[in-house]
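Before any comments, here is the structure.
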Amino acid sequence: MTTPSKSGLETTIGPTFDSAPSSYIRPPQPNALSVVLAFGWRAVLKIKHVPEQLGDVIGIPIMFTLLFTYLFGGALAGSTENYLQYLLPGSLVMGVMMVTIYSGVTLNTDLSTGVFDRFRSLPIWRPAPIVGALLGDGGRYLAASGIVIGLGMLLGFRPGGGVVGVLSAVGLVLAFSFGLTWVWTTLALILRTPNAVMNLGMLVLFPLTFASNVFVDPNTTPGWLQSFIDINPVTDLVTAVRHAMQGTVSTGEVSGVLVTSAVLVAIFAPLTIRLYATKS
Amino acid sequence: MDPHPELAIEASSLVKVFGRTRAVDGLDLAVPRGTVYGFLGPNGAGKTTAIRILATLLRPDGGSARVLGYDVEREADRVRQRVSLTGQFASVDEDLTGLENLVLLARLWGHSRRQARARASELLDAFDLSDVAGRQVKTYSGGLRRRLDIAASTIVTPELLFLDEPTTGLDPRSRNQVWRTVRSLADAGTTVLLTTQYLDEADQLADRIAVIDSGKVVAEGTTAELKRSVGSGSLKVRLLHSEQQSQAMSMLSDFLDAKVHADPDNVGLRARVSQPEHVTEALTQLSRSAIAIGDFSFGRPSLDEVFLALTGHAVTGSTATSREDAI
C-alpha cells in the first residue's frame, strides 16, 4: 500500500507493516542546522530530566567567587570590596573554564551508551551530535556567567562598562570557552573513562588558570613564571574581560581572544570530528 | 550500476581485527532482499562486529561489502539512508521519555516538528507504548525498551533492518511480541538481518541462517537445510525390556529415517530426528508392536549440539547458551 505524496519534496515509500500507520511519508533529508538544533533540544531535555547535571554550573562559580573574594580580599587589596573589582572578571573566566570540562566528561559518558550507535547509523551530518551538545553547553556556560556576575553584583561588584561592557565580557568568555571545549571533546574521544577526562582536564586547567592574572597582578612573580603568564592565553582573556567590564577594552584585546579561540577550534574541532568518525 | 539488485547484502572476505583478535575473519555473505536472515553463533563469534561493519559503524580491515547495492565504505551515506540499526544494548536515550526519543529521531530523519510528533504518536500506538510514552526510558522493562528500540528503527521504514540479539534477556511474552513485530516488518518487505544465540529464534524467524564461528560462516542455508544437516531434535527412548532393543531400534530407524544409537545399557535408544512430526507416530508404532516404553523425551538440538554437528567442536564462546524447548 502506498500513500500519495503531499508535495514534490516528499516521496512515498512502499509498504508499511500492518501494525504501523498507513499515512507514512519519507521526509526530505534534513539540513545540518536543523539536525544540530535537534541535538541541542536533546541537551535541553537532558537538563530537564537530570537537573543534577546543573550542579557544576551553579556550584563551581559560587564557590570560587565567594572563596577567593573573602580569602584573599583583605590580604591582597585591603578590603573584599576592593578586591572584588579586580577578582570578579577573573573568577568569571575561571568558573566558566572549569564548567567546560564537564562537556568532555558528559560526551565521554554519552559515547558509551547505545544511542550513539544509532546516531552514527543515521544519514545526518556526522559531527551533529557533538556540535548539538556544545550548543546546549553554550547555555550552561551562559548560566554559569550569569551566576558569577549576579553574585558579584550582590557582593558589591560595580562594572564601569555598564550593561554593554558586561555583555561583551560574557561574549568574550563564551567565545574562548567554545574553543576550549573542543580540547575536552578531543580528550573525551581519546580517553576511556569520564574520570580520566576529568582528571586530565583539571591537570591542564589548574596551571592555566592559577598561573595567570586571575587572582593577582603577576608583577611580583619570578621571571620564569612571569614568562609563562605572559604567553598564557588565559592571561590575555582575563585582561580583555577585565577591560570590557570597565568599558576600556581595545580591538586588539578582543581580536586576540577571538584568534586564540579560532586556533583552538581549527586544531581540535577537526581532530574531534575525525576521532568521532573513526571511533569503533 | 547495481550488479546484484536482488541481494540486500553482499560481503566477501570481510576482515576486522581488534588487537590480536580477528573478530571477523574472512566472512562471505549473500543475503537476498525481502528475507529474514539469521546470524547464529555464540558470544564472541563476530556477529555484532559483522553487523557494525554492514551498518557503516565500523570500517573493515579487509574485504568488501555492499548493502542494498552500495559500498559500505565509499557510499556509507547512501547505506545509512536505507538501513536502521537496533543495537544489542538499547539504542535509545535512557534519560529521555519514550515520546521524546521518537520525536528526536523523527526530527533527525527530517520530519518537521509537527510531523515528528504525529509520527511518534503513531508508532507509540502501533507498538503499544502509549501508556508509557511520558516515562523516562530508564524506568522501562526490558520488553518495553526493546519495543521502543524497534519502533525507533522504523521511524522511516528501512529497506534493511539490523537487529542485534533482539530478544536476549526478554521474558517469553516480550520475546513473542518482538517476533511478531519482526514478522510483520518482513511481511511488508523489509529485509531483516538478526543475530541470535538461540536456535529456536532463528528457526522461528529466519528464512536463511548463517552459522558463525570465530568470525567465519561455517554453515549457511535455509532453516530446513540446516536442520537436515543437524537433525531438528533428539529423541531419547528407554525401554522396559532389554530384549526388545534391537527390534525397537530397527523400527525407529525405519520410521524416522534416521540413524539410531543403542545405549550400552540395552534399554536406551537415541536418534537425531529431522522430521519431528514423525516422532509420535513412531512411538505409537512401538507400543502397537507391544514394545514397552519406560519413558521418552524429545527436545530440539541445543546450540551446542548444532555447533558440535557443524563445526566438530563445542561452542567456545564465553557463554555457551542453549535454550531447549520441548515440543
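Annotation note: of A:Q53, A:Q29, the sole residue that is touching a Pro at 6+ places or on another chain (Cβ under 8 Å), at pLDDT below 90 and either farther than 20 Å from A:N195 by Cβ or within 11 Å of chain B (Cβ to nearest Cβ) (or both) is A:Q29. Looking across the range B:215-251 at every residue that is of a type in the set (S, T, Y) and part of a helix (DSSP H, G or I), the one that is nearest to B:D295 (Cα to Cα) is identified as B:S242.
When residues in the range B:112-169 are screened for being of a type in the set (V, I, T), under 13 Å from B:T181 (Cα atoms) and more than 10 Å from chain A (Cβ to nearest Cβ), 2 of them pass. Scanning the range A:23-80 for residues that are more than 18 Å from the chain's Cα centre (by Cα) and aromatic (F, W, Y), we see that the one that is nearest to B:A106 (Cα to Cα) is A:Y24. For B:S229, state whether it is away from chain A (no Cβ under 14 Å), without any contact (Cβ under 8 Å) to a residue 24 or more places away in the chain, over 15 Å from the mean Cα position of the chain (by Cα) and surrounded by fewer than 16 Cβ atoms within 10 Å (Cβ to Cβ). No: the conditions fail for B:S229. Taking the range A:91-149 as the range and being in contact with a Gly (Cβ under 7 Å, 6 or more places away or on another chain), closer than 20 Å to A:G201 by Cβ and within 14 Å of another protein chain (Cβ to nearest Cβ) as the test, only A:G136 passes. Here A:T251, A:T186 are screened, and the one residue that is farther than 25 Å from A:I147 by Cβ and in contact with a Phe, Trp or Tyr (Cβ under 6 Å, 6 or more places away or on another chain) is A:T186. Across the range B:29-53, the qualifying residues are those that are among the basic types (K, R) and part of a helix (DSSP H, G or I), and the one among them that is nearest to the other protein chains (Cβ to nearest Cβ) is B:R52.
The residues of the range B:54-111 that are closer than 28 Å to B:R22 by Cα, hydroxyl-bearing (S, T, Y), at the interface with chain A (Cβ under 10 Å from one of its Cβ atoms) and assigned to a strand (DSSP E or B), listed by number, are B:S84, B:T86. Scanning the range A:229-255 for residues that are surrounded by fewer than 17 Cβ atoms within 10 Å (Cβ to Cβ), in contact (Cβ under 8 Å) with a residue 24 or more places away in the chain and acidic (D, E) yields a total of 0.
Screening B:A152 with (1) among the hydrophobic types (A, V, I, L, M, F, W, C); (2) over 24 Å from B:G44 (Cα atoms); (3) free of Cβ contacts under 8 Å to residues at least 40 places away in the same chain gives one miss only, at (3). Under 6 Å by Cβ, and 6 or more places apart or on different chains, what pairs join a residue from the range B:238-257 that is free of Cβ contacts under 8 Å to residues at least 60 places away in the same chain with one that is of a type in the set (S, T, N, Q) and outside any helix (DSSP H, G or I)? Final answer for the pair search is B:S242/B:N266; B:Q245/B:N266.
The values are calculated or read from the model by the stated rules, or taken from the named source; none is laboratory data. Only a predicted model underlies this, so the values are computations on that prediction, with no experimental measurement involved. For neighbour counting, all protein chains shown are included, and Cβ atoms are generated from backbone atoms with ideal geometry for every residue, glycine included.
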